[in-house]
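Quick one: structure below, then a few questions.
Every read-out reported here was derived from the displayed coordinates using simple, explicitly stated rules and does not represent laboratory data. Note that the coordinates shown come from a computational prediction; the quantities given were computed from them, not determined experimentally. With ideal geometry, Cβ positions are generated from the backbone for all residues, glycine too; neighbour counts draw on all protein chains shown.
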Amino acid sequence: MRVKHLNEGIESRRLPGRLGWTIGATLLASAVLVACGGGDNDDDNTGGTQPPVTAEPLSLTILHINDHHSTLDSKSKALQLTNAAGERVAVTVDAAGFPRVTQAIEELAAASPNVLKLHAGDALSGTPYFARAGGVGEADAAMMNTVCFDAFTLGNHEFDKGDTSLKSFLDLLHAGACKTPVLSANVQFGANSALASSKAPGLVQPYTVVERGGQKIGLVGLTIAGKTKESSSPDADTTFEDEATAAQRAIDALQSQGVNKIVVMSHIGYAYDKEIIPKLSGVDVVVGGDSHTLLGPDSLATYGVGTPGGAYAEPLKNKDNETVCVAQAWEYAQVVGELRVDFDAQGRVTQCAGTPHVLIGDDFKIGTTAVTEADRVAIVKDIAASGFLRVTAPDAAAAAVLAPFKAKVDQFKASVVATAPVELCSRRVPGGVGSVDYTRSSAACTAEGLVNVRGGDIQQLVAQAYLEIGNRDYGGADISLQSGGGVRVPLLGNVTAADVITVLPFDNKLWRMDVTGAEAKAMVEDGLDAVFKTGGASGPYPYAGGLRWKVDATQAKGARASNVEVFDGATRTWGPLNLTKTYRLFVLSFNATGGDGYTTLANVPEARRSDVGVQDADVLQSYIDSLPRNGAGLPVMSRLDASLYSTQSFIGPVAPPK
């Protein structure tokens, strides 16, 4: 764990950006919730200037998650753990899932005083639990109410189905006893919105005030502005103000009420958090979301969890040169953040510390075999030594709440969702007899021979799905990318929802990136090189929507793709790729972060990339739903027109890839 001890023994002083309140104000009872702010996020109604409740030091524990994106089930995860022989080996374990989140938060809350439970946004969208187990987030609301968060800030994906759908979700969130405050200081709902103050007064507030240890703590919500308007579906007259401006106004309003401990629940991304903190006065803590950033020690990578993007509980400085604790809890119900913040009597942060608890089970397997008792003892010891892996049993009551929604999802998976009258052949790499991928296709597809020239039909159709659904639903798309090995099976005949998931079984999420034409060309060359270099593999072979080329695998890297053309959606014509123009790319998170050798994409700056938050199989299902239907009402999945295949011609290597 990275623990930061800061500013201990600071002398008493009047701070810029803070009101110099007098010590010894009245002590009120803790855990009383006070809602602040007017309808439509008009926070002028501050109730006048009041002193803080107390002027004593406070230790606060914040338990938080973000970006769970309707990911409610657990999943198998491979970790690198030490066995009885002292070797670090791949150990598979059941991990994550919202019932584990519920249990972990309950356990951690019981172990500490002065606890806040916060959700920093993007609860919705990304799995069949959102799209198929209701339609407005019924399952997510039910699971969030098993935790009973003290506040929830709106993320961009909360607006994916518009304001009316969002209101339905928030009504469900408030249907039980929890009544979790919903926050966003920078959203302004239009007069026609279902969330307008005249229709839903106080349902979304700019901030709220809670009390812990007899002291007031202000919670401010922020929603990423441009991304929400461009890539989600808020109502046309719902607007989003500049994040820093809205945050400062809310902070000022809280300070005028005597609140000197302020937490910003920021759904704007880790990089943007770090950018705006130096511009803000009075902020003490930022609990973030949107960028799905894993924070913590470098050993997270050693244990196979992931590569951290920074320290957990990182201390930064605000405009007043005061310490601000910054945290985020990764994604998809995998981590519960435990942020511990110490305040002095004037409400200044003196210490940031914490742990990103990675939630796992204890069903350890090496390969498909349960571990020996000796290995189990060694593995449990290694888990304890990590400082962040937390063996957590799913909460039984939360699992029972999830069960009826899971039954709906399972029923959907068994349903026939389309038909493929002609086989959608699978082939990673084009090429004739002797090429490594030649025998992957069915005998009929191989005999037909088209896969030898242009590759797999199903691979190309998946890339086209990313292009069309990205363009329709997620802020526009010019091109898309799918590596051939990520598409696992062909389709023929009746297609079930489970078949769609089998095509794309890895639970990748879609990312949107702005790339230059030169980067798009380099991206294609990266994929080809990963296949045709010495020791290459077949999986990385590139399939693109809206982009096509000719391949000569005998050439060196940088020259294997020629005649690269891009499709112009406005004119419905193909033309040369403009190397200096910027194109919007939809691509799997795996490839966007350099997987399969796509290093060009890994090097694209964070400012030009964002996680759309939707699952690859869900995008394919949305594409299928948009297809023309047969007499029985089923969408018909057909091979694409030959002009849409990204590989227009293929010259194989002298020696086929291994």
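What is the list of residues in the stretch 542-558 whose amide nitrogen lies under 17 Å from a point 7 angstrom out from the Cα of D568, following Cα to Cβ?
Zone members listed by number: 546-548.
What's the ranking of 447-456, 128-137 by average number of surrounding C-beta atoms within 10 Å, highest first? The partial results should precede the final answer.
On the way: 447-456: 19.3, 128-137: 22.1.
Sorting 447-456, 128-137 by mean packing, highest first, produces 128-137, 447-456.
Next question. Of the listed pairs K317/K509; K261/K319; K557/K581, which have alpha-carbon separations greater than 25 Å here? Please list the in-between numbers first.
On the way: K317/K509 33 Å; K261/K319 15 Å; K557/K581 22 Å.
K317/K509, as the Cα separations exceed 25 Å there.
For the stretch 531-596, take every pair of Cα atoms, bin their distances at 5 Å starting from 0, and report each bin as a whole percent.
Histogram of Cα-Cα distances, whole percents per bin: 4, 13, 20, 23, 22, 12, 5, 1, 0.
Show the residues, 5+ positions off or on another chain, whose built amide H is closer than 5 Å to the amide H of G536.
Long-range HN contacts for G536: K658.
Measure nothing fancy, just the Cα-based angle from helix 616-625's long axis to the longest principal axis of the chain, in degrees from 0 to 90, nearest 10.
70 degrees
Continuing with the same structure: Distance in nm between label sites at S415 and T554, each 7 Å beyond Cα in the beta-carbon direction?
Here the modelled spin labels are 5.3 nm apart.
Another question about this same structure. Can I get the semi-axes of the chain's equivalent ellipsoid? Compute them from the C-alpha gyration tensor as square roots of 5 times the eigenvalues, in angstrom, largest first. Could the numbers behind the result be given before it?
Working: eigenvalues 421, 148, 115 Å².
Values for the chain, descending: 46, 27, 24 Å.
Arranged from highest to lowest average of other beta-carbon atoms within 10 Å per residue, in what order do the peptides 313-324, 77-88 appear?
Working: 313-324: 18.9, 77-88: 15.6.
For the peptides 313-324, 77-88, the packing ranking is 313-324, 77-88.
For the Cα atoms of the chain, what angle does the longest principal axis make with the long axis of helix 373-386, in degrees from 0 to 90, nearest 10?
The angle comes out at about 60 degrees.
Under the √(5λ) rule applied to the eigenvalues of the Cα gyration tensor, what semi-axes describe the equivalent ellipsoid of the stretch 480-557? Give them in Å, descending. Spell out each step's value before the answer.
Working: eigenvalues 135, 54, 26 Å².
Calculated on Cα positions only, the semi-axes equal 26, 16, 11 Å.
Treating only the Cβ of Lys, Arg, Asp and Glu as charged (+1, +1, -1, -1), what charge dipole size does the stretch 538-613 show about its Cα centre? Round to the nearest 20 debye.
So the dipole magnitude of the stretch 538-613 works out to roughly 160 debye.
Here's another thing I want to ask about it. Would you list K199, K216, K161 from fewest to most Cβ contacts within 10 Å? Write down the numbers at each step before the final one.
Numbers: K199 15, K216 23, K161 20.
Ranked by crowding around the Cβ, least crowded first: K199, K161, K216.
So what's the angle, to the nearest 10 degrees on a 0 to 90 scale, between helix 396-414 and the longest Cα principal axis of the chain?
The angle comes out at about 30 degrees.
How would the stretch 143-203 be classified by its alpha-carbon gyration tensor: rounded, prolate or oblate, with rounded meaning a/c under 1.5 and the a/b versus b/c comparison settling the rest? Show your work: numbers first, answer last.
Details: a/c = 1.73, a/b = 1.61, b/c = 1.07.
Cα axes put the stretch 143-203 in the prolate bin.
Run through every distinct alpha carbon pair of the stretch 319-360 and return the Kirkwood hydrodynamic radius in angstroms, one decimal place.
Details: mean 1/r = 0.0847 Å⁻¹.
Result for the stretch 319-360, one decimal place: 11.8 Å.
Ok, one more. Which order, highest average first, do 581-592, 356-367, 262-273, 610-621 follow once you tally other Cβ atoms within 10 Å for each residue and take the mean per peptide? Spell out each step's value before the answer.
Numbers: 581-592: 22.5, 356-367: 19.5, 262-273: 26.8, 610-621: 24.9.
Highest mean packing first, the order is 262-273, 610-621, 581-592, 356-367.
Continuing with this model, one more query. On alpha carbon coordinates alone, what is the Rg over Rh value for the stretch 230-319, Rh being the Kirkwood radius?
On the way: Rg = 15.8 Å, Rh = 15.0 Å.
In the stretch 230-319, Rg relative to Rh is 1.05.
Once phi is turned into θ = phi - 60°, what whole-Hz ³J(HN,Hα) does the Karplus curve with 6.51, -1.76 and 1.60 give for every residue of the stretch 272-282, x standing for Gly and Pro?
6, 3, 5, 6, 8, 4, x, 8, 9, 9, x
Between the alpha-carbon centers of the stretch 557-629 and the stretch 268-322, tell me the distance in whole angstrom.
One Cα centre to the other: 28 Å.
Now a separate question. From the P(r) of the stretch 415-651, could you give the percentage of C-alpha pairs in the tail past 24 Å?
On the way: 11128 of 27966 pairs.
When every Cα pair of the stretch 415-651 is considered, 40 percent fall beyond 24 Å.
On a full-extension model of 0.36 nm per residue, what is the gain between D298 and S622, subtracting their alpha-carbon distance, rounded to one decimal in nm?
Details: separation 324, 0.36 × 324 = 116.64 nm, distance 3.79 nm.
Length gained between D298 and S622: 112.8 nm.
OK, next. From the phi of every residue in the stretch 149-156, what ³J(HN,Hα) in whole Hz does the Karplus formula 6.51 cos²θ - 1.76 cosθ + 1.60 yield, where θ is phi - 60° and glycine or proline is x?
5, 6, 6, 9, 9, 6, x, 4
Semi-axes of the stretch 267-311's equivalent ellipsoid from the Cα gyration tensor, sqrt of 5 times each eigenvalue, largest first, rounded to whole Å?
Working from the Cα gyration tensor, I get semi-axes of 25, 10, 8 Å.
State which entries of K365/K406; K77/K274; K117/K161; K227/K274; K365/K408 exceed 21 angstrom in Cα-Cα distance in the structure shown. All intermediate terms of the calculation are to be shown ahead of the outcome.
Numbers: K365/K406 25 Å; K77/K274 31 Å; K117/K161 26 Å; K227/K274 18 Å; K365/K408 30 Å.
Pairs exceeding 21 Å: K365/K406; K77/K274; K117/K161; K365/K408.
Using only the Cα atoms of the stretch 367-515, what are the Rg and Dmax in Å?
Here Rg and the maximum Cα pair distance are 21.2, 57 Å.
Calculate, in whole percent, how much of the Cα-Cα pair population of the stretch 94-202 lies beyond 22 Å. The partial results should precede the final answer.
Numbers: 1941 of 5886 pairs.
Counting every Cα pair in the stretch 94-202, those more than 22 Å apart make up 33 percent.
On the first, second and third principal axes, largest extent first, how far apart are the outermost C-alpha atoms of the stretch 548-640 in Å?
Principal extents (Cα only, largest first): 50, 30, 29 Å.
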